[in-house]
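Student: Here it is: the structure, laid out below.
The values are calculated or read from the model by the stated rules, or taken from the named source; none is laboratory data. All of these numbers come straight from a predicted model, not from anything done at the bench. Because the Cβ atoms are built from the backbone with ideal geometry, glycine has one as well, and the counts that use them run over all protein chains shown. Protein only, heavy atoms only, side chains kept; ligands, DNA and RNA dropped before computing areas. Shrake-Rupley method; radii C 1.70, N 1.55, O 1.52, S 1.80 Å.
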Amino acid sequence: MEDNERLTEKAFSNGDIYVGNFKGVLPHGKGKYTWSDETFYEGDWEEGKMIGKGHIVWPSGAKYEGDFSGGYLHGFGTFTGPDGSIYRGTWRINIRHGIGRKEYSNKDVYDGAWKEGVHEGSGRYSWNSGNKYIGNWKGGKMCGRGVMKWVNGDIFDGSWLNGYRNGSGVYRFSNGGYYFGTWTKGLKDGKGKFYPAGSKHPSLRKLCSTLGYDDDDANSLFSHSSSINTEESRIQKPSVKRSLSEKISGSGFFRSSGRISHRTLSLSDNRNLRDPAVKFICDNSSCKLSHVSNEGQSAVQDESTVVFEREYMQGVLIKEEVRNAELPHKVKQQSKFSVKEVKRSSCVDIIEGNRSYYLMLNLQLGIRYTVGKITPVPMREVRASDFGDRARIRMYFPRKGSQFTPPHHSVDFYWKDYCPMVFRNLREMFKLDAAEYMMSICGDDGLRELSSPGKSGSIFYLSHDDRFVIKTLKKSELKVLLKMLPKYYSHVGEHENTLITKFFGLHRITLRGGRKVRFVVMGNMFCTELRIHRSYDLKGSTVGRYTDKDKIKENTTLKDLDLSYEFHMDKFLWESLFRQISIDCMFLESQQIIDYSLLLGLHFRAPEHLKALLEPPTTASNPESSPADDAFLFQLGISSQAELMIPPKGLLLVTHEPRFVSTAPGPHIRGNTLRAYSIGDKEVDLLLPGTARLRVQLGVNMPAQANQRLLESKVDSMEVELFEVYDVVLYMGIIDILQKYNMKKKIEHAYKSLHFDPMAVSVVEPKLYASRFINFLRKVFPEQP
């Protein structure tokens with residue numbers, strides 16, 4: 001039977017009305033549908049669905065005009081909210097997605113990329129006060145590289161994370177001064193340098209010009225805003241009647257319900273940002289000190305070579321030195337991992353020596369290929385045949401591409417993936433999503449090369465989200481890992497709290513000429529939202545285990561003799577730590593491994609009594625918590641009257657509440673939540689007042705008190721230590737587990753450093769190494785009574 005288009009009006013029993021063309025029993029062509037609540041759509045229809053151009057109006061006053069597809073807002077269109085806000089841009093299935101511009105009701109404007117309804121990608125946000133941010137966004141928050149310019153001329157150019165200044169950055173003050181340093185969650189944190197106004201050193205001018213500043217563009221005083229967080233708007237959400245033919249069939253359109261079925265669609269107003277200049281009142285812990293320091297700066301502004309070397313801890317200035325020295329010729333931007341920017345290079349540059357760059361590209365191509373190949377294979381238990389050198393995937397990657405590989409901008413190479421099924425199961429065991437793993441390492445943001453922390457000569461890469469570290473291996477190390485892999489697989493499966501390095505993949509690249517480069521992918525032990533202020537590589541030895549003071553930089557990993565602290569922690573946390581260290585050392589001993597280390601990271605909390613000196617008098621004199629404090633505690637699941645019975649300090653242990661902390665597995669630790677003696681053998685979270693609530697796991701977010709062991713020779717030092725006791729958060733893991741005891745030179749070096757006679761080495765020596773290692777750590781972490 002032939003369907004004919006016809007124009008008619010149809011009234012339904014529930015009050016809905018459709019006027020327009022039909023094709024059979026379905027709306028088709030032009031038509032207008034009015035719901036009983038007075039919402040109406042007018043535009044194109046195709047067999048019962050809104051497809052094409054049209055506009056829809058809600059009783060609240062909200063309206064949309066643009067493209068529709070399949071009953072959804074899809075394509076390009078303009079949405080006007082009931083509050084007068086206007087979004088003009090692309091949509092995907094009722095969600096803002098793509099490029100668009102939104103003018104908020106308060107006159108704020110965002111112009112840039114959107115993803116799933118929030119700002120993501122590159123974009124510009126202008127507040128009604130005149131402040132502007134241009135840069136990268138993620139999840140609706142400023143994240144990545146970005147530039148903030150305040151209405152008074154202040155400019156910050158640097159890294160952002162979750163709406164806060166976080167990482168390296170340059171701040172130019174209103175009087176022309178500069179501060180080069182690092183921030184954590186909006187607060188100055190770590191070492192930095194301040195150059196007063198009038199500094200004319202050529203290297204300083206060169207750096208500023210590379211950032212796009214000229215002398216007329218930088219008038220900036222440190223803004224008091226450090227966090228520009230997004231918040232959900234309170235605007236009423238209009239409901240869109242969508243998917244009009246979702247329940248429509250050719251014979252039952254009118255019979256089934258007597259009306260066109262529709263569902264409610266959420267069109268949230270997507271988030272507007274608070275003005276940074278309005279939201280934040282003073283830089284809490286750094287504002288007053290900054291003003292005090294600036295008073296002294298004005299007196300020496302005329303000296304172009306004067307430099308203020310400063311060190312901050314959560315915004316608190318703990319050290320300042322005035323130097324009248326020349327600036328270094330090369331000013332490098334500091335970062336948490338001493339990261340070098342990886343730039344695209346031509347093949348000529350690659351062949352002539354930029355080896356690291358094309359190794360990175362080859363690594364990404366290979367991992368993308370093998371993870372994509374192994375992931376669809378059904379999950380199964382590993383077999384003996386899945387281990388060893390013969391369990392592998394091999395592939396040739398010509399530059400022009402092949403039937404199995406894509407074309408690329410690197411050089412031709414051969415790829416080998418060792419034990420793919422084993423590492424696939426390990427990633428599953430460590431609760432890593434295959435797609436996230438691939439995007440973290442192989443995404444468009446790429447990898448970053450790290451400066452090697454040791455003398456191994458290895459190349460290190462860090463994933464763009466800091467979750468994974470990739471290290472080149474020697475052939476002997478690869479053999480050790482392959483031989484150890486079956487027992488390693490069993491060990492990490494049986495002990496979820498293990499501190500031993502997590503391995504996620506083992507690969508080899510063969511370049512033209514036969515050069516082979518081997519890689520292992522590991523979890524980053526220092527992937528944390530807190531800043532790692534100091535890191536130590538501890539072996540329990542003394543010979544050669546120190547760092548020359550002249551070579552110590554902010555990101556230098558220090559050694560045993562550099563450690564001047566001992567750490568005191570909760571009794572049950574201590575027991576859990578040393579129970580697992582003993583188990584892990586027994587495993588390494590069984591594999592005849594020596595020369596391993598405990599990698600220890602310290603996050604220092606600013607002393608509370610110093611913070612109190614910086615707070616406004618009205619705040620400091622009021623012993624009761626403010627509404628803002630109560631609101632913060634409420635968000636963290638804490639009653640300010642019930643649970644905080646511990647005297648105020650930098651760290652608080654509270655009963656674990658899964659809904660208030662992230663329980664997502666990290667790249668290094670996936671273990672259970674630890675129990676603490678101090679709160680009655682209950683699972684605990686770590687509460688950092690004013691900062692966050694964190695889940696306490698073995699080697700992750702472990703609170704402790706660091707007692708500094710001051711040396712007598714330090715009396716003559718020019719530096720003055722302000723404190724003897726610190727609150728710290730510890731991060732740790734056992735690394736360098738690929739050295740076997742039967743390597744003669746390695747044995748001699750290891751046991752000389754441990755005061756053993758190399759001639760006395762026997763088959764039980766790994767046991768002695770483990771014993772010395774544990775005994776040393778017991779001195780660093782003394783047992784609590």
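Student: Quick one: accessible area per residue over region 7-97, 1.4 Å probe, rounded to a whole number of Å²?
Tutor: That works out to 43 Å² for each residue.
Student: Excluding ligands and nucleic acids, what accessible area in Å² is computed for LYS30 using a 1.4 Å probe, to the nearest 10?
Tutor: Result for LYS30: roughly 130 Å² accessible.
Student: Protein chains only, probe 1.4 Å: how do CYS527, CYS419, CYS143 rank by accessible area, largest first?
Tutor: CYS527, CYS143, CYS419
Student: Just grab the label-to-label distance for GLU554 and ARG659, each label 7 Å out from Cα along the Cβ direction, in nm (one decimal).
Tutor: The two pseudo-label positions are separated by 4.0 nm.
Student: Using a simple spin-label model with points 7 Å from Cα along the Cα→Cβ vector, what separation in nm is obtained for ASN775 and SER402?
Tutor: Here the answer is 5.6 nm between the modelled labels.
Student: Let me ask something else. Scaled to the compact-protein estimate 2.2 N^0.38 Å, what is the alpha-carbon radius of gyration of region 407-453, rounded to two decimal places?
Tutor: For region 407-453, the normalised Cα radius of gyration is 1.45.
Student: While we're looking at this one, here's another question. About its Cα centre, how strong a charge dipole does region 495-575 have in debye, to the nearest 20, once Lys and Arg get +1 and Asp and Glu get -1 at the Cβ?
Tutor: Roughly 800 debye, rounded to the nearest 20.
Student: Long-range amide H contacts for PHE468: which residues qualify at under 5 Å (H placed 1.01 Å from N, peptide plane, sequence gap of 5 or more or a different chain)?
Tutor: SER463, ASN524
Student: Please state the equivalent ellipsoid semi-axes for region 69-164: what are the square roots of 5 times the Cα gyration tensor eigenvalues, largest first, in whole Å?
Tutor: 26, 16, 8
Student: Order 535-548, 463-476 from most to least packed using the mean count of other Cβ atoms within 10 Å. Before the final figure, lay out each step's value.
Tutor: Values: 535-548: 16.9, 463-476: 18.9.
Final packing ranking: 463-476, 535-548.
Student: Quick one: which of LYS32/LYS102; LYS23/LYS53; LYS479/LYS559; LYS188/LYS319; LYS115/LYS431 span more than 22 angstrom between C-alpha atoms?
Tutor: LYS32/LYS102; LYS479/LYS559; LYS115/LYS431
Student: Related question: For region 366-417, what is the accessible area per residue in Å², given a 1.4 Å probe and the full set of protein chains?
Tutor: In whole numbers, region 366-417 has 63 Å² accessible per residue.
Student: Oh, and also: Report in % the part of the accessible area of region 458-581 that belongs to carbon and sulfur, leaving out ligands and nucleic acids; probe 1.4 Å.
Tutor: Carbon-and-sulfur percentage of accessible area, whole number: 47.
Student: Per residue and in Å³, how big is the convex hull formed by the alpha-carbon atoms of region 468-547?
Tutor: 178 Å³
Student: Direction-averaged shadow area of the convex hull around the Cα atoms of region 417-537, nm²?
Tutor: Over every viewing direction, the Cα hull of region 417-537 projects on average to 8.9 nm².
Student: Okay, next question. Determine which residues of region 181-198 fall in the zone a paramagnetic label at THR547 would reach in this model, i.e. backbone nitrogen under 15 Å from the point 7 Å along Cα→Cβ.
Tutor: Answer for region 181-198: 190-191.
Student: Could you list which residues have their amide H under 5 Å from that of TYR178, counting only those 5 or more apart in sequence or on another chain, with H placed in the peptide plane?
Tutor: When sequence neighbours closer than 5 places are left aside, the close amide H contacts are PHE173, TYR195.
Student: Give me the Kirkwood hydrodynamic radius of region 132-198 in Å, from all C-alpha pairs, to one decimal place?
Tutor: Roughly 12.0 Å, rounded to one decimal.
Student: Another question, then. For ARG383 and ASP83, FRET efficiency with R0 = 56 Å and r from the beta-carbon atoms, rounded to 0.05?
Tutor: Result of the calculation: an efficiency of 0.35.
Student: Also, I was wondering about something else. Can you classify region 115-158 as rounded, prolate or oblate using the Cα gyration tensor, where a ≥ b ≥ c are the square roots of its eigenvalues, rounded means a/c under 1.5, and otherwise it's prolate if a/b beats b/c and oblate if not? Working shown, then result.
Tutor: Details: a/c = 3.54, a/b = 1.66, b/c = 2.13.
The shape class here is oblate.
Student: Work out, step by step, the length gained on full extension between ASN106 and HIS568: first 0.36 nm times the residue separation, then minus their alpha carbon distance; give nm to one decimal. Let's see the in-between values first.
Tutor: Values: separation 462, 0.36 × 462 = 166.32 nm, distance 5.15 nm.
Between ASN106 and HIS568, full extension yields 161.2 nm more.
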